[in-house]
Structures are given as C-alpha cells and as structure tokens.
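The next block holds one structure in the form of structure tokens; read it before the comments.
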Amino acid sequence: MVVCRLAQAPELPQAAAVMCQSFYPPNSILGLIGFVLEWGIWQDLRQRQQRALAGYGCFVITHRQTEQVLGVVEVELKILERQSPYRTGQPQPYISNLAVHPDYRQKGLGRQLMQTVETWVKQQGHQQIYLHVLAQNQAALRLYQQLDYQLRA
C-alpha cells in the first residue's frame, strides 16, 4: 500500500535521492558524483518548499508502512514560453520534475502521483497542466499518453 500527498520537510532528502537516482543513474558519468547532486537537489527542494509560493507543490508517494519515498513530483506556476501556442501571459501549472525510484517503476506510482497533482491543481482553480518530456523518454511518453495529455513536438 502507498500514500500520495504533499511532501513534509523530513522527506525531502529521500525525495532528492529518488530524483538523483532517476535523473543521474549510478552507472553514468554524473552518477559518479551523485552524492553532490543529491545534496544540491535536496537544497533546491527545501528552499522551494520554504518559500511556500502559491501554486508550488512537491508531492511524494510513500510506502504506507515503512514511509520510504518511492516517487516524487513537483508542480509550480510558470509563464509559458513565448513560442508556445498556449501562452496566456498568466502563470500556468507546470510539472517540473517527476521521478519514481528505479526499483518501483511500472507499478502505477507515476500515474498516482500525476492524478494527485491533477486533483490539487483543479482545487487551485486551474484546468490544465503543462510539462516537457524528452522525446527518448518512452516510459514517460506512454504515461502521459495514457493520462490523455496532448503531446506536441
């Protein structure tokens, strides 16, 4: 069983570790300095959470019994780039990071995180969420397509 909710400050180091393992695998060049990257990610998460900006949320999905962080997603309000056909000039919810621990992928945790964020964003009065995804990230593309996100090149 898992629980998906807004992250608490003591969980941020674990969230940073999940992000680091996802974005900088241990067998990569950057993975060799993973402890430094992980510390930097933790500091960024901590600062964003402390600022408590409207429209910012860091959500975690944890194991109900062990409370281990299995995944994390961040959403923030961001003005879309000028070239975007969806640019309104007003800040829009934007997914800045989504990561699931490598040992827990393909178990629906990313979907649960995104559905939790979608509900939260709607409660904040927004109807759409924007994000960027690398074209080679096939797992993420499948997830967003399954969630009915419209993908644009």
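Restricting the search to region 70-90, which residues are at pLDDT below 90 and either under 23 Å from Gly110 (Cβ atoms) or not β-branched (Val, Ile, Thr) (or both)?
Lys78, Leu80, Glu81, Arg82, Gln83, Ser84, Pro85, Tyr86, Arg87, Gly89, Gln90 - these are the residues of region 70-90 that are at pLDDT below 90 and either under 23 Å from Gly110 (Cβ atoms) or not β-branched (Val, Ile, Thr) (or both).
Ala17 fails exactly one of the following numbered conditions: (1) loosely packed, with under 13 Cβ neighbours inside 10 Å; (2) among the small types (Gly, Ala, Ser); (3) in a helix (DSSP H, G or I). What is the number of that condition?
(1)
Under 7 Å between Cβ atoms, which residue pairs at least 6 apart in sequence (or on different chains) link something in region 23-44 that is farther than 18 Å from Val100 by Cβ with a partner that is of a type in the set (Phe, Trp, Tyr)?
Close Cβ pairs (under 7 Å, with a partner that is of a type in the set (Phe, Trp, Tyr)) amount to Leu30/Tyr24.
Would you check which residues across region 63-82 are crowded, with 16+ Cβ neighbours inside 10 Å, in a strand (DSSP E or B) and out of contact with any helix residue (DSSP H, G or I) (no Cβ under 7 Å at 6 or more places or on another chain) and list them?
Passing the criteria: Glu74, Glu76, Leu77.
Suppose we keep only residues that are within 17 Å of His126 (Cβ to Cβ) and more than 10 Å from the chain's Cα centre (by Cα) within region 90-106. Which one would you say is surrounded by the most Cβ atoms within 10 Å (Cβ to Cβ)?
Pro93
Which one of these does Arg46 not meet: (1) open to solvent by less than 70 Å² (accessible area, probe 1.4 Å); (2) in contact with a helix residue (DSSP H, G or I) (Cβ under 7 Å, 6 or more places away or on another chain)?
(1)
Filter region 90-122 for residues that are farther than 19 Å from Arg152 by Cβ, free of Cβ contacts under 8 Å to residues at least 60 places away in the same chain and not in a helix (DSSP H, G or I) and give the result.
Gln90, Pro91, Arg105, Gln106, Lys107, Gly108 - these are the residues of region 90-122 that are farther than 19 Å from Arg152 by Cβ, free of Cβ contacts under 8 Å to residues at least 60 places away in the same chain and not in a helix (DSSP H, G or I).
Filter region 49-62 down to residues that are open to solvent by 50 Å² or more (accessible area, probe 1.4 Å), closer than 17 Å to Pro10 by Cβ and either touching a residue at least 40 places away in the same chain (Cβ under 8 Å) or of a type outside the set (Gly, Ala, Ser) (or both), then give me how many there are.
Matching residues across region 49-62 total 2.
The values are calculated or read from the model by the stated rules, or taken from the named source; none is laboratory data. Quick caveat: nothing in here was measured; it's all calculated off a predicted structure. Using ideal geometry, Cβ is built from the backbone for each residue, glycine included, and neighbour counts are taken over all protein chains shown. For accessibility, only protein heavy atoms count, side chains too; no ligands or nucleic acids. Shrake-Rupley method; radii C 1.70, N 1.55, O 1.52, S 1.80 Å.
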